[in-house]
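The structure under discussion appears below in the form of structure tokens.
The values are calculated or read from the model by the stated rules, or taken from the named source; none is laboratory data. Being a predicted model, the structure only gives us computed values, none of them experimental. As a convention, Cβ positions derive from the backbone with ideal geometry for all residues, glycine included, and neighbour counts pool all protein chains shown. Accessible surface areas use protein heavy atoms only, side chains included; no ligands, DNA or RNA. Shrake-Rupley method; radii C 1.70, N 1.55, O 1.52, S 1.80 Å.
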Amino acid sequence: PHVSQVKPVVLVVEDDGAVRVGIGRLLRFAGFDAREYPSGAAFLAACAPGDGACLLVDAQMPGMDGDEVVRRWRALGARTPVIVVTAY
């Protein structure tokens, strides 16, 4: 019998649409599943602690920056590893 492999999910929070889509494609090509969110607010509204194997978040975003996203995520009890990226 065939046993399906569960791909690790990377949660991607990036306000730049082209960058977000590109990161998602790269992650899928590398064998991961990627869930993409255009803002910290959208991410926090859609996800709960335990979702995803890793959080990849942009440091510089309008409204809620990456540091605030991580603080709020941790306040919910999430212990997901975090990668913060920036173009600056």
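Key figures
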{"quantity": "Net charge of neighbours whose Cβ lies under 13 Å from the Cβ of Asp65, counting Lys and Arg as +1 and Asp and Glu as -1", "calculated": "-3"}
{"quantity": "Phi-based couplings in Hz for the range 33-39 (Karplus 6.51, -1.76, 1.60; Gly and Pro marked x)", "calculated": "9, 10, 10, 10, 10, x, 7"}
{"quantity": "Solvent-accessible area, 1.4 Å probe, carbon plus sulfur percent, for the chain", "calculated": "58 percent"}
{"quantity": "Choice from Pro49, Pro62, Pro38 showing the highest fluctuation, given a GNM over the chain with Cα pairs closer than 10 Å", "calculated": "Pro62"}
{"quantity": "Relative contact order of the chain, defined on C-alpha pairs under 8 angstrom at six or more residues apart (%)", "calculated": "30 percent"}
{"quantity": "Binned Cα-Cα distance frequencies in the chain - 10 Å width, integer %", "calculated": "18, 52, 24, 5, 1"}
{"quantity": "Dipole of the chain, positive direction: furthest Cα of Pro38, Val12, Tyr88, with charges on the beta-carbon", "calculated": "Val12"}
{"quantity": "Coil-residue trypsin sites (Lys or Arg not before Pro) of the range 36-81, DSSP, other Cβ within 10 Å capped at 11", "calculated": "Arg79"}
{"quantity": "Magnitude of the charge dipole, the chain, Cβ model with Lys/Arg +1 and Asp/Glu -1, debye to 20", "calculated": "340 debye"}
{"quantity": "Net charge, Ala18 excluded, C-beta distance under 14 Å - Lys, Arg +1, Asp, Glu -1", "calculated": "-3"}
{"quantity": "Top of Leu11, Leu76, Leu56 by mean-square fluctuation, Gaussian network on the chain, Cα under 10 Å", "calculated": "Leu76"}
{"quantity": "Cut-off 9 Å between beta-carbons: net charge of the residues surrounding Tyr37, Lys and Arg +1, Asp and Glu -1", "calculated": "0"}
